[in-house]
Amino acid sequence: MKGTDVPSADDEQVRRYRVSKYRVALVREGTLPVAEKIVREPADVARLMTPLIADLDREAFWVLLLDGKNKIIGINLVALGSLTACLVHSREVFKPAIVGSAAAVVLVHNHPSQQPEPSAEDVALTRRLHDAGALLGINVIDHVIVTADGRYRSLADDGVLGGGR
């Protein structure tokens, strides 16, 4: 067809691109000893996480991966921050949950200040991640803030996730 704006298909005129091909894999880095494999309450989360955060001098954000019966099937360190903050994004929280076929998650982070009370940012993040999880079909059961001395605060119990337990 003469006079059209259709580009010529000559090999010299067609620009070729290469697109990366990926394979997503979940790699087990080891195991952790746990007293209870099923998460029944925030105290179970605090008992599991306190030894992991005991020596940290900065905030760390973790996600516990759970099956349909709230059995822990994995744990992932999502982000390591500074003394008073930790940058967390939904995609990093839910990536291991999706790849690990988790039915639900528990969000966990520490407060090096030894004060388990949530900040306004903690509450806002919890709500944002709860909404993202609902969109993905992955239930956010709780967000537990843990201190090195074993104290904790459950944002689910505080009603942040739409009501107490």
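The values are calculated or read from the model by the stated rules, or taken from the named source; none is laboratory data. From a predicted model like this one, the values you see are computed outputs, not experimental measurements. Every residue, glycine among them, receives a Cβ derived from its backbone with ideal geometry; neighbour counts consider all protein chains shown. What goes into the accessible areas is simple: the full protein's heavy atoms, side chains included, and nothing from ligands, DNA or RNA. Shrake-Rupley method; radii C 1.70, N 1.55, O 1.52, S 1.80 Å.
For Ala35, state whether it is assigned to a loop (DSSP other than H, G, I, E, B) and open to solvent by less than 70 Å² (accessible area, probe 1.4 Å).
Values: assigned to a loop (DSSP other than H, G, I, E, B): yes; open to solvent by less than 70 Å² (accessible area, probe 1.4 Å): no.
The answer is no for Ala35.
Among the candidates Gly137, Gly133, Gly162, single out the residue that is open to solvent by 50 Å² or more (accessible area, probe 1.4 Å) and farther than 19 Å from Glu41 by Cα.
On the way: Gly133 fails: open to solvent by 50 Å² or more (accessible area, probe 1.4 Å); Gly162 fails: farther than 19 Å from Glu41 by Cα.
One residue alone meets the criteria, Gly137.
Select from segment 81-97 the residues that are loosely packed, with under 15 Cβ neighbours inside 10 Å and in contact with a helix residue (DSSP H, G or I) (Cβ under 9 Å, 6 or more places away or on another chain) and list them in ascending order.
Ala85, Arg91
Results for (1) of a type in the set (D, E, K, R); (2) closer than 22 Å to Asp67 by Cβ; (3) free of Cβ contacts under 8 Å to residues at least 12 places away in the same chain, shown as yes or no for each residue.
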{"position": "Ala103", "(1), (2), (3)": "no, yes, no"}
{"position": "Leu107", "(1), (2), (3)": "no, yes, no"}
{"position": "Glu121", "(1), (2), (3)": "yes, no, no"}
{"position": "Ala134", "(1), (2), (3)": "no, yes, yes"}
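Quick one: how many residues across segment 41-75 are open to solvent by 60 Å² or more (accessible area, probe 1.4 Å) and under 15 Å from Asn139 (Cβ atoms)?
4
Between a residue in segment 43-67 that is free of Cβ contacts under 8 Å to residues at least 24 places away in the same chain and any residue that is outside any helix (DSSP H, G or I) and open to solvent by 10 Å² or more (accessible area, probe 1.4 Å), which pairs come within a Cβ distance under 6 Å, given they are 6 or more apart or on different chains?
Asp44/Glu36
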